[in-house]
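Read the structure below first, then the notes.
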Amino acid sequence: MSKRRQAPSDPAARDERPSATADAAAGADTASPAEAGSAGPVTGGGEAGGNADGSIDDEVADGAAGEAADAPEPEADALRRERDEALDKWLRAMAELDNLRKRTRREVADARRFAQADALRGFLDVLDNLERALQSAPPAADTGAPDPFRDGIELIRQKFRTVLQDQGVTPIDALGLHLDPLVHEAVGQLPREGAESGTVIEVAQAGYRLGELVLRPARVIICA
């Protein structure tokens, strides 16, 4: 028969087992920092890698933002050029429109003046006939009695002159002046003592103008 092994009764032998257990625990505690140290660098490396990746992402984002900021520059320049060209075209169009308005007003004013001149030229012939009638009428008698015929013609002539002056018609000066081809028309030459050659010595038909527009040049006789 086998006999049960009894535990030693020596106290020193009892204390050996706890010490072995403590040594094992100490060994485990000693190994834990090593293992932690071996795992620590991995974890630290992961964090460092995360920081590196974050800085790279920031640089990429900054580069993309810079490219995005630089990208619209050509388009902005093109838009500025289009704006300047449109502004220049608008200014040119406004200038042409203003010139057109001025030219239209001037043409309308000229058309009205020419139409008025055509109408007034007919009255000049009537005025010439009244003056010829006065020149051909016999002189009044010395008795002092009024001549109704002559006085009536004179009143009509004066009325015609007043109406023409109100319309802006003025006579052209000619007698005693040098011949001006713009307002004078020479119809003859005569020698005259004391007068310079080319000077108007006689007015055959009076001339008139409407402002700067010559309705009819003065027909004159100049000194030869």
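Bear in mind these aren't lab numbers, they're just calculated from the coordinates by the rules spelled out. This one's a predicted model, so the numbers in the text were calculated from it and none came from an experiment. Neighbour counts are summed over all protein chains in view; Cβ atoms, including those assigned to glycine, are modelled from backbone coordinates with ideal geometry.
Applying a 10 Å radius around every beta-carbon, put 116-124, 187-195 in order of their mean neighbour count, most first. Please report the intermediate quantities before stating the final value.
Values: 116-124: 14.6, 187-195: 11.1.
Result, highest mean first: 116-124, 187-195.
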Checklist entry - How much length, in nm to one decimal, is gained on full extension between Arg150 and Arg80, taken as 0.36 nm per residue of separation minus their Cα-Cα distance? => result 16.9 nm
Checklist entry - Taking the Cβ of Thr104 as the center, what net charge do the other residues with Cβ under 14 Å away carry, scoring Lys and Arg +1 and Asp and Glu -1? => result +2
Item to check | Karplus-derived HN-Hα couplings along the range 77-85 (A = 6.51, B = -1.76, C = 1.60, θ = phi - 60°), whole Hz, x at Gly and Pro | outcome: 4, 5, 5, 5, 4, 4, 5, 5, 5
Next on the checklist: Once the convex hull of the alpha carbons of the range 110-182 is built, what does its volume come to per residue, in cubic angstrom?
Outcome noted: 130 Å³
